[in-house]
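Please treat every number below as a calculation from the coordinates, not as lab data. Bear in mind the structure is a predicted one, so any value in this text is a computation, not a measurement. Cβ coordinates were reconstructed from backbone atoms using ideal geometry, including for glycine residues, and neighbour counts include every protein chain displayed.
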């Protein structure tokens, strides 16, 4: 079995019952194999990034510990998005649910399907706030460095 790593997962929704979508995503992430949720950030409403005419987003982040590798973890997140009505038509378009791996341990990855840390991290101030909140809620122990 792989060693467990901490991963930060951004949740966002700007279509339909946004709060219910975030709740469903948290529940589904908590049921992933070899994965446990360590902390959950506050929910924040933000302006959309992308095409005009979209509704505002509800955003939240969860901190998990998982033994899944990043590729398998991403596939599980895509499955959760699909189960919540996600349609991939327009880049940065409106969506029922968006799940992004923002950080995965200390990994740096540049695959076509997954870049770690997420390349938009420096541009999304709410992600930075949510990571800070999660780190306060679930600080690393000395032996986890």
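The table below lists the values:
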| item | result |
| --- | --- |
| Calculated diffusion of region 5-139, Stokes-Einstein form, Kirkwood radius summed over Cα pairs, 20 °C and 1.002 mPa s, µm²/s | 144 |
| Helix axis angle, 18-30 relative to the chain longest principal axis, alpha carbon, degrees | 20 |
| Convex hull per residue volume in Å³, alpha carbons only, for region 34-83 | 108 |
| Highest average packing first - 53-64, 34-45, Cβ atoms within 10 Å | 53-64, 34-45 |
| Sites residue 79 and residue 56, calculated FRET efficiency, Cβ-Cβ separation with R0 30 Å, nearest 0.05 | 0.70 |
